[in-house]
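Report on one structure; see the data block that follows.
Taken together, the values in this text are just the output of simple stated rules run on the coordinates, not laboratory data. Owing to the predicted nature of the structure, the values given are computational and were not obtained by experimental measurement. Note that each Cβ is placed from the backbone with ideal geometry, even for glycine, and that neighbours are counted across all protein chains shown.
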Amino acid sequence: MKKKYTAIDLFSGCGGLTVGLKKAGFEVLGAVEIDSLSVQTYKANHKNVVVWENDISDLKCSTIKRSLKLKKGELDLLAGCPPCQGFSALNTLNGAYEINDKRNDLVFEFSRFAEEMLPKVVMMENVPGLASDKRFKTFLKRMVKLGYEGEYKILDAYDYGVPQRRRRLIYMGSLKRPIEFAKPARKKVSVRDAIGHLPPAGKSGDKIHDIAENRSPKIMDLIKKIPKNGGSRTDLPVTSQLDCHKRCNGFKDVYGRMSWDKPAPTLTSGCFNPSKGRFLHPTRNRAITMREAALLQGFPKKYKFTATHNKQALALMIGNALPPEFIRRHAIALKKSLYEA
């Protein structure tokens, strides 16, 4: 019988990392997440996983080990993505200064769990800005001290089968042997591949695909004028642009359309709002729906989301999620350290 490798998902969000781990053949035993809406969505899709709705700083590792009947050294994979807002390029102005955000210290909760559980392999994902933060350097030293042969890279999820540009830092380590990262995918996936098959939004029967938009006639008129399939507000004559855009020379993706045969831009928690980025549908006169956003992240077509009436809450969960396919590929690479040990 083929061995089922075990995993725990820290900072699980609504479950993107868990989906990727499961698709890679891991049995996810437990998850930790503080946000109640994310926990509801996670539980709706992963009914056999034990979930701790906790501030991880207040959660004892012994509680998890006792509940899951795990001894130190028995867990195969510890994975997670500590909150990354404090390390993002936008918030730090591309590293120009450091934000004193208490969430930044949560990377040390990951190393605390690694020390107390001593899993065979580890995987941590975050924004590229973490690499230049002094906490990450301390984190790496702690992992080496624990015995992990680790490495980190900054990679674009688009190169690994995800239909969006999303640069992420991924750290992986093993107690037994040097780790290997996944090789880039041979085939790239486009916006058309991900969402081109969907029925029109509004009467599809999928609640998160049918949430209505509420925009002023002025904004709707602007959206209609933007050229289809990759057009931008900058393609319009100055007389058709909003006053605030005339005064600003940056953020040129604002009120831009996605292109059918290219990747989507990085999905954020503002992906429901065209004023936050290039989040307009390639041809429809609207922003992408939350189902389209979920598919562009790589969630399964029938993944269940709670708060189906609240587009802002959905966008926050989806935008903060890890692309499952990106995780799947690297988790498969990590398994090599397990079955060759």
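Going highest first, how would you order 294-300, 125-131 by mean Cβ packing within 10 Å? Intermediate values should be presented prior to the final figure.
On the way: 294-300: 24.3, 125-131: 22.3.
The packing order, highest mean first, is 294-300, 125-131.
Tell me, what is a quarter of the convex hull surface for the C-alpha atoms of the chain, in nm² with one decimal?
Numbers: hull surface 72.0 nm².
One quarter of the hull surface, i.e. the mean projection, equals 18.0 nm².
Comparing Cα centroids, the range 124-143 and the range 21-73 end up 23 angstrom apart. Amide H contacts of A287 (H built 1.01 Å from N, in plane; Pro and chain starts excluded): H281 sit under 5 Å, all sequence-distant by 5 or more or on other chains. Cα-Cα over 32 Å: which of K69/K187; K47/K71; K69/K301; K43/K224; K145/K336? Pairs exceeding the cut-off: K69/K187; K69/K301; K43/K224. What net charge is computed for the residues neighbouring M143, neighbours being all others with C-beta under 13 Å from the C-beta of M143, Lys and Arg scored +1, Asp and Glu -1? The answer is +3. Which one, G319, G231, I179, is farthest towards the positive end of the dipole of the chain when Lys and Arg carry +1 and Asp and Glu -1 on their Cβ? About the Cα centre, the residue reaching furthest to the positive side is G231.
Scaled against the 2.2 N^0.38 Å expected of a compact globular protein of N residues, the Cα radius of gyration of the range 156-219 reads 1.78.
Where a ≥ b ≥ c are the square roots of the eigenvalues of the C-alpha gyration tensor, would you call the range 182-228 rounded, which needs a/c under 1.5, or, failing that, prolate if a/b is larger than b/c, or oblate? Because a/c hits 1.5 or more and a/b fails to exceed b/c, the range 182-228 counts as oblate. Out of every Cα-Cα pair that the range 287-341 contains, those further apart than 12 angstrom amount to 69 percent.
Given an 8 Å cut-off on Cα distances and at least 6 residues of separation, report the relative contact order of the chain as a percent.
Numbers: 664 pairs, mean separation 64.0, N = 341.
It comes to 19 percent, rounded to a whole number.
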